[in-house]
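Working notes for the structure below.
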Amino acid sequence: MKRNISFILNGSEISIETDPALRAVDVLRQDLGLTGTKEGCGEGECGACSVLVDDTVKLSCLMTAAQLEGKKIVTIEGIARGQGLHPVQQSFIEYGAVQCGFCTPGMVIAAVAFLAANRAPTREEIRDAISGNTCRCTGYQKIVDAVEDAAQKMREGDSDG
Amino acid sequence: MRKEPALDGPRLDALSKVTGSERYSADFYPEKFLWAGAKRAMVPHARLLALHTEAAEALPGVFRVLTFRDVAGSNRFGIPIDHQPVLVDAVVRYAGDPVALVLAESKEILSAALDLITVDYEAMPCIFEAEEALKDGAPKVHEDNDKGNLMRAVSVCKGDPDTAFGACDAVAEGVFETSRQEHAYLETEAGWAKVDDRGVLTVVASTQSPYRDKREIARALGIGEEKVRVIAPYLGGAFGGKDGITVECLLGVAALCSGGRPVKMWWDRRESFLAGVKRLPSRMYFRLGAKRDGTFHALSCKLYFDAGAYAGLAGEIMTMAVEHAGSAYRIPNVRIEGYCVYTNNPVGGPFRGFGVPQVTAGMEQAVDMVAEKLSMDPLELRSRNAVQQGDRNCLDIELTHSTGLLECIGELMEHPLWKDRQAWKASAPKWKRRGCGIGCMSHAMGYPAAIPDQANAKLELKKDGTFRLYSGISDMGQGNTSTYVRIAAAILDQDAAAIELLQPDTSHDLPSGSSSASRTTYIFGNAVIDAAVVLKEAILRCAARSSGYDDIDAVELVPGRVRVKESGRSILLSDIAGLIDDDDRSQKGYFRAPHDESTLAIMYLGTHVLFSYGAHLARIEVDILTGKIDVVDYVAVTDAGKVLNRCAYDQQVQGSIAQGIGYALMEDYLVSEGRQETGDLATYIVPTSVDLPDMVSIAVEPEEKTGPFGMKGIGEVVISGCLPAVANAFHDACGVRITRSPLTRERVLSALAGRGDGR
């Protein structure tokens, strides 16, 4: 029943023995101890379990372990850049985008993927981009503020570099 | 009291949350743990005849199946009425009642085992409607209740309301119905538990009330309180829904029967919706009378609150509604009657606002109806009747504390979004109608007079010269514990980073009440100040003495050190920690909130004395073809005393508005014949990022002299303004009133077609 599944997790190649029918979110959290990926609904409605699969946002509650095979997976634990935070994380802290924090990992993942494709978004575009991620604490305004600021930071980073 | 700039700055819990390293109750997978899960009744009212657990027990990987026979204690929880079963032993009273508990090696086996359990029931007659439930002959939810289905009735009367209405020039009447709102916190109910070698049961749970939980677990499971320890890590949201037992007792039963293995429980979303408490739905009859000049003269209200199957805190919620039904106005003649009623519906419980959003929706619409009859500006009418410090409110309580409602209304009157409303309305696009609505509100802080509202804090200078702060009140996401650290840092003149924060753990023995009632920063902040001031003095005394001074003013605290003012020489705090008595190194602080026991004569539990206030403006656009309402602009003006941390303050304001707009427009947990129809986030819709506008938050800041650095509670007051502001805006836009919320598209179209509001 168990099978070997190999993939790249937060930059490192790993190989695990697990039931390929298990949900990816359970494998990440329980087998691999990466509890930063949250589960809020288990049916693809809330976005809390978002991870990057080959740089695209996927809901790990709707993926099986088998679907991890050969993929490049990035969870919230792999978002920081070396010793420093990702600009999205930094802006979330500075702009008060975090309250209970249970939606935060998924929200950060969604924002990171969005900003990789859109360097100068409007507030409306940001609202659209995170509309698949439910937050029950913030009313989203400070999250939009944070993503807007992160975009600015990233543009400045580009011109610096 | 001084205001310290050190209180500002980002939340201290944000870093661990953005990196995913913070561990919530749901995030623990202890070694060799068993999954625990409940079999839910799924019938609304039935006698339990037989439980068939053999097939489940025979499933490989099932460790045990437990029933009420495995619960040694009272098998009941609930405060103040302990009648809710941990595991049903005789009668099921709502679909979410748990009838069996499975321990299994994996989540998948647990799920399969739960499906294999079958139950024989004898169906019992059901009741699903609060007013019907009060009629003679209605099926009884609790056979032993000598008041039928009435859980609690509270009434207050002042002046002579019966004759006063005859002296009014305008009288508005309305019947308002509000929905059953689901908290929908992102972290569903979760925790883990174990019993150690000494027989101590430790429960780690997502809970707002660890100290109360400890007592309830001990009693329900028949073990001594000294054998129970409850730990409350950061919660992934709660909003009132975890103010009371969720997983705690079930986890306790499981851990006591697991052969020493840890047990973990994590409700999935459907179970959370099924078994979690809800905001109590209400039907409210309001009658408000005013004189020609706009002076309110008489108010009468009858409130019916559907408590669902068990008491929980529903009676107290309805009582709070009675206290706030007349909002924050001077009204000389008042009668308010409230009835909290058992039904076979989901259990009602605390939800941000605690009964106040319901009555504020009724009252503030009645106020607008009076304004219309008098042809008065609705803000002007409110301004004429708003309470001020020194006034008596409609329950005849003298308002001796800060009272900033009039300032809130004044800010709104001058706001450009209010002043230019007519032009804005007139420029509505084709097929749209625009309207502006007002909602004012008050919200009591803390517990009413009968319940001592107190907190115990502990602050310690560690041997390494840094500090440790023990929190007694859970942080459900509002950031109260971050503020505790900043308060301690400000008083001790230290960097916040030098203070380690421990989340609540009943083994610290710092009972401080629940994380609720808009009380957390106010009450525990004051206790932290008390502890920090004493600790600071102990440190300075020790440092002064060791430097050869008698007077502690000769030295001062600076980050990491104590400095001798005269010489400029400084001593490391780690050195002080070695010199100071161990008893002095750790200091406790205490605070009890102001209260007035004379109010016990007025109503059940007495009243509150301390209130926050607000005035809101909603500008909405109604699509008359689809019935969709968009909230285009929202302004919330709030008096919650001095603002300690603007970012944390606005988090509460904006989050409350989001939940309030959800309550106004879309959130309605539907049950049919006691069974849930909106059992997940696909059918129970909460606002997303595209459903809400950018919001304007304005703080008027009268100093509350009893508050830490002058503050009052901000956690709940804001939510109560949203539904009435939106409902009044709809009336302003379309000329008809929808008195049943939420204002769904169907109700909007029905109202526009002249078919009423879907009552």
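All of the numbers you see were taken from the coordinates with simple rules; none came from a lab. Fair warning: this is a prediction, and the values are worked out from it, not measured in the lab. Cβ placement follows ideal geometry from the backbone for every residue including glycine, while neighbour counts extend to all protein chains displayed.
Go through A:2/B:194; A:142/B:17; B:214/B:712; B:17/B:458; A:72/A:142 and tell me which ones have a Cα-Cα distance over 21 Å in this structure. Working shown, then result.
On the way: A:2/B:194 29 Å; A:142/B:17 15 Å; B:214/B:712 29 Å; B:17/B:458 25 Å; A:72/A:142 30 Å.
Among A:2/B:194; A:142/B:17; B:214/B:712; B:17/B:458; A:72/A:142, the Cα-Cα distance tops 21 Å for A:2/B:194; B:214/B:712; B:17/B:458; A:72/A:142.
Can you spot the lysines whose alpha carbon is less than 25 Å from residue B:463's alpha carbon? Ignore those fewer than 8 places along the same chain.
Qualifying lysines at Cα under 25 Å: B:536, B:565, B:588.
Label residue A:12 and residue A:159 with points 7 Å out from Cα along Cα→Cβ: what is the distance between them in nm?
3.9
What is the distance in Å between the Cα centres of region B:188-220 and region B:264-302?
Each part's Cα centre sits 31 Å from the other's.
Over all directions, average the projected area of the Cα convex hull of region B:427-512 and note it in nm². Intermediate results must be reported in sequence, preceding the final value.
Working: hull surface 44.9 nm².
In nm², the orientation-averaged hull projection of region B:427-512 is 11.2.
Post the alpha-carbon centroid distance, region B:484-529 to region A:1-65, in whole angstrom.
Between the Cα centre of region B:484-529 and that of region A:1-65, the gap is 37 Å.
Could you tell me which helices of chain B pass both thresholds, a Cα extent of 30 Å or more along their own axis and a mean Kyte-Doolittle hydropathy of at least 0.5, with helices taken as whole DSSP H runs? Walk me through the numbers before you get to the answer.
Values: long enough: B:525-546 (31 Å, 0.81).
Span-like helices here: B:525-546.
Send over the semi-axes of chain A's equivalent ellipsoid, whole angstrom and largest first, taken as the square roots of 5 times the C-alpha gyration tensor eigenvalues.
Largest first, chain A gives 28, 17, 13 Å.
In region B:147-190, whose amide N lies under 17 Å from the spot 7 Å out along Cα-to-Cβ of residue B:136? List them in ranges.
Residues passing the 17 Å test: B:147-150.
Can you list residues whose amide H is under 5 Å from residue B:641's amide H, if they're 5+ apart or on another chain and H is modeled 1.01 Å from N?
Here the answer is B:712, since their amide H atoms fall under 5 Å of that of residue B:641.
Take the Cβ-Cβ distance between residue B:54 and residue B:147 as r, set R0 to 45 Å, and report the resulting FRET efficiency rounded to the nearest 0.05.
According to the calculation, E is roughly 0.65.
Mind checking B:38-44 for the average number of partner chain beta-carbons within 10 Å of each residue's beta-carbon?
Mean shielding count: 0.
Out of the DSSP beta bridges found with both residues in the protein assembly as shown, what percent are antiparallel (nearest 5)? Can you show the working numbers first?
On the way: 118 of 147 bridges.
Percentage antiparallel, nearest 5: 80.
Given +1 on the Cβ of Lys and Arg, -1 on the Cβ of Asp and Glu, and no further charges, what dipole in debye does region B:454-592 carry about its Cα centre, rounded to the nearest 20?
About 240 debye.
Hey, got the average number of other protein chain Cβ atoms within 10 angstrom for residues in A:40-49?
Rounded to a whole number, the mean comes out at 6.
Along each of the three principal axes of the Cα atoms of region B:4-134, give the extent in whole Å, ordering the values from largest to smallest.
For region B:4-134, the Cα spread along each principal axis is 64, 49, 26 Å.
Can you give the angle from 0 to 90° between the axis of helix A:104-117 and the longest principal axis of chain A, with both taken from C-alpha atoms, to the nearest 10?
Roughly 70 degrees, rounded to the nearest 10.
For region B:333-457, would you read off the P(r) tail past 20 Å as a percentage of all alpha carbon pairs?
62
Report for region A:3-78 the percent antiparallel among DSSP-assigned beta bridges with both residues inside it, nearest 5.
90
Run lengths n ≥ 4 of DSSP H only: what is the helix-derived mean residue ellipticity at 222 nm for chain B, with -39500 (n - 2.57) per run over all residues, to the nearest 500?
Mean residue ellipticity at 222 nm (helix-derived): -7500 deg cm²/dmol.
Using label points projected 7 Å from each Cα along Cα→Cβ, tell me how many nm separate residue B:120 and residue A:72, to one decimal.
6.2
What is the ratio of the Cα radius of gyration of chain B to 2.2 N^0.38 Å, where N is its residue count, to two decimals?
On the way: Rg = 26.9 Å, N = 759, 2.2 N^0.38 = 27.3 Å.
Rounded to two decimals, the normalised Rg is 0.98.
Lysines within cross-link reach of residue B:302: Cα-Cα under 23 Å, excluding same-chain residues under 8 positions apart?
Answer for residue B:302, where 23 Å is the Cα cut-off: B:135, B:140, B:147, B:158, B:278, B:291, B:373, listed by chain and number.
Please compute the Cα-Cα pair-distance distribution of the protein assembly as shown with 10 Å bins starting at 0, giving whole percents from short to long.
Each 10 Å bin holds this share of Cα pairs: 2, 12, 21, 25, 21, 13, 5, 1, 0.
Would you give the gap between the C-alpha center of region A:104-149 and the C-alpha center of region B:619-658, rounded to a whole Å?
Taking the Cα centre of each part, region A:104-149 and region B:619-658 sit 19 Å apart.
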